[in-house]
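Working notes, structure below.
Only the coordinates and a few stated rules stand behind these numbers; no lab work does. Keep in mind it's a predicted model, so treat the numbers as computed, not measured. When we count neighbours, we look across all protein chains shown, and the Cβ atoms used for this are built from the backbone with ideal geometry, even at glycine.
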Amino acid sequence: DSAIKIAPSILSADLSRLAEQVKEVEAAGADRIHVDVMDGCFVPNITFGPVLVKWLRPVTRLPLEVHLMIAKPDDFLDAFAEAGADSLIVHVEGATHLNRTIQHIQKLGRKAGVAINPATPAVMLEEILPELDLVLAMTVNPGFGGQSFLPGTLAKIAAIRRMIDSVNPDCELEVDGGVDQDSAPRLIAAGARVFVAGSSIYGAPDGPTAGLRRLAGSVG
Ligand code: DX5
Ligand code: ZN
């Protein structure tokens with residue numbers, strides 16, 4: 001379906017009360033929870049492993065989407081699936097045998113996504129696109145929350161939208177990084193339909209519910 005979806009990223013949540021923060025966005029109308037996994041190697045930051053997904057799983061009924069920013073994603077697919085991930089997203093830049101990785105994820109019964117960094121051309125998705133459930137177009141350089149949206153990514157997002165419409169219209173097009181009420185309308189116009197948002201939701205001065213509603217209002 002073409003409905004707009006919002007995926008709050010817990011990277012910007014108050015982790016001392018993670019369950020509460022996740023329940024709050026669920027009640028406010030979030031569609032899925034985005035979990036940013038970083039290994040200090042593929043990206044210059046370290047975050048969460050499968051154990052966090054395991055503890056998060058019983059907290060919410062929302063799908064858990066795991067964004068793997070790690071050097072060896074294949075070694076951890078089983079563990080994240082077992083922990084309760086509903087979808088697994090790997091980077092096109094980090095995969096040597098991307099088709100094998102995607103098959104692996106789908107054999108686990110999970111949705112398979114591919115993330116693409118700002119400097120990587122859309123054509124890198126061409127051969128794998130028919131197999132994918134989701135493309136995650138990065139609109140910042142991955143590694144940290146709270147960075148500014150890179151408007152140079154808009155043309156590529158529009159190109160990916162055209163590719164999806166022609167070869168795999170069921171594939172979702174999600175964007176990640178600097179998504180807020182200013183960038184989201186431009187991203188919609190480019191063809192994005194799923195919006196990851198960390199700081200514009202969890203960093204909102206008036207709280208996550210207000211932040212999520214403001215973002216939803218800007219795209220609805
Ligand atoms: C960046 C992560 C994002 C991050 C987005 O490396 O992949 O998911 O949480 O945070 P904001 O919305 O603050 O840019
Ligand atoms: Zn992410």
Rounded to whole Hz, the Karplus (6.51, -1.76, 1.60) HN-Hα couplings of segment 78-89, x for glycine and proline
4, 5, 6, 5, 4, 6, x, 5, 8, 9, 10, 10
So, over other residues within a Cβ distance under 12 Å of Ala71, counting Lys, Arg +1 and Asp, Glu -1, the net charge is -3
18 Å Cα-Cα reach of Lys156 towards aspartates and glutamates, excluding residues that sit fewer than 8 places from it in its own chain
Glu93, Glu126, Glu127, Asp165, Glu172, Glu174, Asp176
At R0 = 30 Å, how high is the FRET efficiency between Glu131 and Asn45 if r is their beta carbon distance? Nearest 0.05 is fine.
0.55
For the pair Ser16/Asp165, report the inter-label distance in nm, with labels modelled 7 Å from Cα in the Cβ direction.
4.9
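Of the DSSP beta bridges with both residues in the chain, give the percent that are antiparallel, rounding to the nearest 5.
Within the chain, antiparallel bridges account for around 5 percent of the total.
Rank the residues Leu154, Leu187 as a footprinting-exposure proxy: fewest other Cβ atoms within 10 Å of their Cβ go first.
Leu154, Leu187
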From Cα pairs below 8 angstrom and at least 6 apart in sequence, can you work out the relative contact order of segment 5-219, rounded to a whole percent?
20
Grab the other residues whose beta carbon is less than 14 angstrom from that of Glu20, score K and R as +1, D and E as -1, and report the net.
-1
Segment 56-202, dipole about Cα centre (Lys/Arg Cβ +1, Asp/Glu Cβ -1), debye to the nearest 20:
140
Among the lysines, which have Cα under 18 Å from the Cα of Lys5 when same-chain residues fewer than 8 positions away are ignored?
Lys23, Lys111
Considering only C-alpha atoms, what is the centroid distance from segment 140-179 to segment 52-114, in Å?
19
List the lysines whose alpha-carbon lies under 22 Å from that of Lys107, not counting same-chain residues fewer than 8 positions away?
Lys54, Lys72
Highest-fluctuation residue, Leu125, Leu18, Leu173 considered, GNM on the chain with Cα pairs under 10 Å:
Leu18
